[in-house]
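Working notes, structure below.
The values are calculated or read from the model by the stated rules, or taken from the named source; none is laboratory data. Model, not experiment: these values are computed from the prediction. Positions of Cβ are backbone-derived with ideal geometry, glycine not excepted, and every protein chain shown enters the neighbour counts.
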Amino acid sequence: MSEVIVQLGQHTVAIELPHHLLSAGLLTSLKRDATFSGGDERIVVRDAGDRSYVLTGDGGLREAGLKRGDVLERLRACLATRLAEKAGVPILRAAAVKWGDGAVLLAGPEACGKSSLAAWFVEKGFALIADDQVAVVDDAGSVGGYPAPFTFAADAAAHLVGLAEFGTAPMARTAAQIHVGIKDSWRAGDDACPCGMIIFPRYVPDARARIEKLKTASAARLVKAQLQSPPLETDYWIVELARDTPAIALTYSDYRQIDGLLDRLVRLVIDEKLSPDALDRFVSGIGRSDPASTRRHPVPERSTRRFSPFMTIGMATYDDYDGVYFSLQAIRLYHPEILEEVEFLVIDNHPDGPCGAALKDLEKDVANLRYIPADDVTGTAVRDRVFSEAGGEFVLCMDCHVLLAPGSLRKLIDYFRTAPSSIDLIQGPMISNDLTKVSTHWSEGWRDGMFGQWAKDLGGLESDGQPFEIPLQGLGVFACRRRAWPGFNPAFRGFGGEEGYIHERFRQAGGRTLCMPSLRWLHRFGRPMGAPYPNKWEDRIRNYLIGFDEIGWDSAEMHNHFRELLGWQKADRIFATIRKELAVQSGDDKSPDSVRSDVIDDDEPYDLNEARLRFVAEVAVPILLDNFAFESVACIGRGSGIWAREFSRLGIASAHDEREGGPDARAADLVCCFEPPGVSSATQGKQLVLRLTSIAPVIVFAFARPEARGAIDTNRLRASWTTLFTRRGYRPVDCLRPALARDPRADDHYQRNLIVFSRNAAVPKARRASAVLAASGETGVSVIIPVYNGAAYLAQAIESVLLQTHGKFELIVVNNGSVDSSGAVAESYARVDKRVRVIHQENGGEAAAFNRGSAEARFALLARLDHDDVALPERLALQVAFMERNEDIAALGGSLRYIDREGKLTGKTASYPLTAEACHAALENATVGPIGNPAAMIRKAAFEQCGGLRRQFDVASDLDLWLRLDERFKLANLADALVDYRLHGDNSSMTRRFSLVLNAQIAKQSALLRRCGEPDPVNGWARLEFEHLRTFPMQDEEKTQTYCELFDAALKNFAATENTEYLRLADECLSWIPTASSV
């Protein structure tokens, strides 16, 4: 008898069997060189002497009458069962191969093709770890196995023929299976190795090869589905394995499909540590046909036909074959009386797109059609090509998705025959989708980013009425004499902005813009698949600006409209960029970046930092003149000469000798002090403020730049200086930073830190600007800042409230049991500013803190601000103005800008649905609130009617509040950015992501129950637990989505905290995802 040893995880099995069975070569890979004594259990195979064998083992195992071919199959089955039960670590139904220092896990159910794929990898030079069972041996995702013989289905012989390595391997065959012994050269060794990649193979005869990168949740579920071991405490290792390991799904039917592709990909992943993005790019096109919209097609030839009809019916199109086909055929079908008098013209604005060839082929069926490819101009102005290519004296230009009422074209042609010299623009009423109403024209006025709104003239109600003049209309259908067409401005770009412009061009040329009641048309507006071409606000605004300038119309109202629509920051940036571009193109560029000859001598070298300071002065001085009454100025510190010259240029005398020194100046109306040197202690700072406040009632101030910027919190510095000025009776007026923050040319230190301090009586009422503290008759706001251990950023949050342009507010800081200096920071402001109140209480959570602030609030509007965020200066003013105009809105938010730990803008923003309807729709299924909590303003009465924030929600209490408010009231958002939201790594949204998602899901499910008239179970719970989520009824699809979100959240928390409890939670989430669902 001979003995072989099998070890997997923490369990060892000794197998004793006759010599002749071992000498066949199939099991030699299991034999150890070292002498092995004992084992956790033993299996014995004995020769029964009648050409059969008996299999016995621990636990009463006994099987007799086995044929030689059956012994290997039964041994393999017994081993798989006993090792899975007793290995003490997660055991997977999988194969594994090794390349370099990394393993490739091939996981999947029986007959998925994993053994065939492992054999192919061996042929490619990979080493075999295991064919049928793989153990995950530690929490780092290392895998190991034992080199049992390969086992293939009997019909897999065709695959093995192509593998040269298998030609010399020992092999045995039964009716159902083929067994191949493992050669020593194939073995990977006994040591476990880290898993570098996971592949889920699927063999499908005649299928096209496809590789798809899998999300972590999908990979974890698929791996966990292959667990053979009973539930273990270490099952969360599977989640860790899936979290850290790239995973793909592979479909294949033949080795030739993956040869040179899959092996190369695996080597790249393991050897080069291929990044997730790089892996995405590698697999993105494998097995998928290119999207038609991105593939370039041959451009069809231009039509060589020429016609001389009375009228050309032309349409420009961009990948809309269906629209062209049905519009064209509807004319031919329902207007046969005019076909001898017209030609059809199709201008293809994307001739190398998917529709080009089909549009060209229409010429075969329509004798009087001409196809013209036109890829040299895209957008609105392509309609000019309809007129330049037209063969008719008159042209009807229409969108390629328009239907014309029967008889309308006959009457149009008859009209033009009676007016052969017409210079008018002819349009007609648009029919509604229900075919019962018509709109005859657009009235002037801005709405939803367009100049004009549909309106109706009674003269257009009857189709046999006479043409009448209209101010403007959209250009879905219009007609004129070809020679009367004025054309679009050649600088137009993209789509939009033509309405009104072309009508005024006709009027300025002596023509009229008419509505012909008989020219009725129906327009397809719906595009469920989206427009195939880009439609950008920048292009539309650019065209409007160019067009309005050309025809002499004022653009101020336009600018204001887009400020309301897009938010003032985005709109101002777009308008400034376009005007700059147009100024450069016209040679009239007067950019502030250019060096002025009256400021810098010809031989003075250009200094970028000086240019940025100069820009600050050029922007700031006019604002100061608009806000304050002063006749003399003293400029002190860095760049004082630049500032003094700018004041002088605008007629303000200097009361200082402009030297770059300390505050040595005569009395003045205004003093500018920039980066004063020699201030290195608190005492020196107090002395400087004392001197400055003795010079002038208005002070423009920017403190010195810290030398070690990474080690010093400039936000705390600014707060300290504000406190010093406040103690001297000066209030901050934040009128400069908003203007500078919008332009990257300004010095960044001044963008954040340039503040005006003014004595209360310093600003005459007649000169007050919007940035000055408002009169006491304004609507009051109670701003509430809950804080727990937030001393590092609290001062800046408080200061941002004190710098609000809206003056009537109180600031309530609720110190929620902080153990740092948060309470002292808040009290330091309360001592010098009566608008600040501080409440100290035990830590009861954010919800309890805000509820306490609300209970103490004196005003009808509550504004939330987190202790680590910054309110932009106009936040309260913008929100109060909206709430006063819209009394039905109970809660109002706005956009957020993201800042980093130091307070610098990251360039990223968060925006929210604007209207009440959009907010309601967002709450229907979302688990993220429609209002950004740091920017929320709430009516106190509505807040109290809904019961305030529920303390069970230690996070996501805001979403729960929005859901309950939305059931009774309306919510909305401003497009403007209101708050800078700080990302510093300690945000609850990062460190408590799992709790945030769990609470949000419970809030959503509770709302669904309330909508159905069911009681809300949250009211009966002291706090929310993971188990509570299971009590809510959910369909499989919703359950899958819910637990996948929680799974991802748990992994993010683990990444942030390295707490393995989150891996256990992630593993539990997988167990609650319905088995049949796809992730």
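Among the residues that make up the range 1002-1009, is at least one of them touching an Asp or Glu at 6+ places or on another chain (Cβ under 7 Å), within 21 Å of Ala847 (Cβ to Cβ), buried (at least 19 other Cβ atoms within 10 Å of the Cβ) and in contact (Cβ under 8 Å) with a residue 24 or more places away in the chain? Yes, the range 1002-1009 contains a residue that is touching an Asp or Glu at 6+ places or on another chain (Cβ under 7 Å), within 21 Å of Ala847 (Cβ to Cβ), buried (at least 19 other Cβ atoms within 10 Å of the Cβ) and in contact (Cβ under 8 Å) with a residue 24 or more places away in the chain. Does the range 835-848 include one or more residues that are touching a residue at least 24 places away in the same chain (Cβ under 8 Å), in a helix (DSSP H, G or I) and touching a Ser or Thr at 6+ places or on another chain (Cβ under 9 Å)? Within the range 835-848 (the criterion being touching a residue at least 24 places away in the same chain (Cβ under 8 Å), in a helix (DSSP H, G or I) and touching a Ser or Thr at 6+ places or on another chain (Cβ under 9 Å)), the answer is yes, since at least one residue qualifies. Summed over the range 101-118, the residues that are more than 38 Å from the chain's Cα centre (by Cα) and modelled with pLDDT under 90 give a count of 5. For the range 456-480, give me each residue that is of a type outside the set (Asp, Glu), surrounded by fewer than 16 Cβ atoms within 10 Å (Cβ to Cβ) and either out of contact with any strand residue (DSSP E or B) (no Cβ under 8 Å at 6 or more places or on another chain) or part of a strand (DSSP E or B) (or both). Across the range 456-480, the qualifying residues are Leu458, Gln466. Residue count for the range 387-426, restricted to those that are part of a strand (DSSP E or B) and touching a Leu at 6+ places or on another chain (Cβ under 6 Å): 2. For the range 809-831, the count of residues that are within 18 Å of Phe953 (Cα to Cα), surrounded by 15 or more Cβ atoms within 10 Å (Cβ to Cβ) and among the acidic types (Asp, Glu) is zero. When residues in the range 55-92 are screened for being without any contact (Cβ under 8 Å) to a residue 12 or more places away in the chain, in contact with a helix residue (DSSP H, G or I) (Cβ under 8 Å, 6 or more places away or on another chain) and among the β-branched types (Val, Ile, Thr), 0 of them pass.
Of all the criteria given as (1) in a loop (DSSP other than H, G, I, E, B); (2) over 16 Å from Tyr252 (Cα atoms); (3) under 41 Å from the mean Cα position of the chain (by Cα), the one not satisfied by Gly125 is (3). For the range 952-984, filtered to residues that are in contact with a Leu (Cβ under 9 Å, 6 or more places away or on another chain) and assigned to a loop (DSSP other than H, G, I, E, B), the residue that is surrounded by the fewest Cβ atoms within 10 Å (Cβ to Cβ) is Asp954.
Of Asp589, Asp602, all but one fail to be modelled with pLDDT under 75, out of contact with any Cys (no Cβ under 9 Å at 6 or more places or on another chain), part of a loop (DSSP other than H, G, I, E, B) and under 30 Å from Lys536 (Cα atoms); the exception is Asp589.
If you go through the range 965-983 and keep only what is among the hydrophobic types (A, V, I, L, M, F, W, C) and under 30 Å from Arg1011 (Cα atoms), you end up with Leu965, Phe969, Leu971, Ala972, Leu974, Ala975.
Restricting Leu896, Leu892 to residues that are assigned by TED's automatic domain parsing to the domain that holds Ile798, surrounded by 17 or more Cβ atoms within 10 Å (Cβ to Cβ) and within 19 Å of Leu965 (Cβ to Cβ) narrows the list to Leu892. Just checking, does the range 391-412 include any residue being of a type outside the set (Ser, Thr, Tyr), surrounded by 17 or more Cβ atoms within 10 Å (Cβ to Cβ) and closer than 24 Å to Pro298 by Cβ? Yes, the conditions are met somewhere in the range 391-412.
Residues in the range 926-949 that are under 13 Å from Ala1000 (Cβ atoms) and in contact with an Asp or Glu (Cβ under 9 Å, 6 or more places away or on another chain): Thr927, Gly929, Pro930, Asn933. Restricting to the range 286-312, and then to whatever is at pLDDT below 70 and either of a type in the set (A, V, I, L, M, F, W, C) or not in a loop (DSSP other than H, G, I, E, B) (or both), can you tell me which residue is nearest to Val346 (Cα to Cα)? Ranking the candidates gives Ala292 first.
Between Asn489, Asn433, which is loosely packed, with under 14 Cβ neighbours inside 10 Å and at pLDDT below 95?
Asn433
On inspection, His523 fails the criterion of being buried (at least 22 other Cβ atoms within 10 Å of the Cβ) and under 23 Å from Leu404 (Cα atoms). Looking at Thr317, is it more than 44 Å from the chain's Cα centre (by Cα), crowded, with 19+ Cβ neighbours inside 10 Å and among the hydroxyl-bearing types (Ser, Thr, Tyr)? So Thr317 fails the test. Test Ala863 against the criterion of being at pLDDT 90 or above, assigned by TED's automatic domain parsing to the domain that holds Pro934 and within 13 Å of Leu802 (Cβ to Cβ), and give yes or no. So Ala863 fails the test. Going by the conditions given, is Ala849 at pLDDT below 90 and of a type in the set (Gly, Ala, Ser)? Judged against the criteria, Ala849 is not a match. In the range 944-951, is there at least one residue being outside the structural domain of Gln1005 (by TED's automatic domain parsing), within 26 Å of the chain's Cα centre (by Cα) and surrounded by fewer than 18 Cβ atoms within 10 Å (Cβ to Cβ)? No, because not a single residue in the range 944-951 is outside the structural domain of Gln1005 (by TED's automatic domain parsing), within 26 Å of the chain's Cα centre (by Cα) and surrounded by fewer than 18 Cβ atoms within 10 Å (Cβ to Cβ). Per this entry, Ile889 is not counted among residues that are out of contact with any Pro (no Cβ under 9 Å at 6 or more places or on another chain), of a type in the set (Val, Ile, Thr) and at pLDDT below 90.
Condition (residue is at pLDDT below 75, outside any strand (DSSP E or B), charged (D, E, K, R) and within 33 Å of the chain's Cα centre (by Cα)) applied to the range 762-778: is it met by at least one residue? Checked the range 762-778: no residue is at pLDDT below 75, outside any strand (DSSP E or B), charged (D, E, K, R) and within 33 Å of the chain's Cα centre (by Cα). Just one of the listed residues (Ala665, Ala653) is surrounded by fewer than 15 Cβ atoms within 10 Å (Cβ to Cβ) and either at pLDDT 85 or above or more than 49 Å from the chain's Cα centre (by Cα) (or both), and it is Ala653. Which one is farthest from Pro300 (Cα to Cα) among residues in the range 323-343 that are out of contact with any Lys or Arg (no Cβ under 7 Å at 6 or more places or on another chain) and hydrophobic (A, V, I, L, M, F, W, C)? It comes out as Leu333.
Do we have Phe548 as out of contact with any strand residue (DSSP E or B) (no Cβ under 8 Å at 6 or more places or on another chain), under 19 Å from Ser443 (Cβ atoms) and modelled with pLDDT of 85 or more here?
In short, yes.
Tell me which residues, restricted to the range 96-112, are touching a helix residue (DSSP H, G or I) at 6+ places or on another chain (Cβ under 9 Å) and either among the hydroxyl-bearing types (Ser, Thr, Tyr) or more than 19 Å from Arg264 (Cα to Cα) (or both). The answer is Ala107, Gly108.
Residues that are among the hydroxyl-bearing types (Ser, Thr, Tyr) and under 17 Å from Ile839 (Cα atoms) within the range 790-813 are absent altogether.
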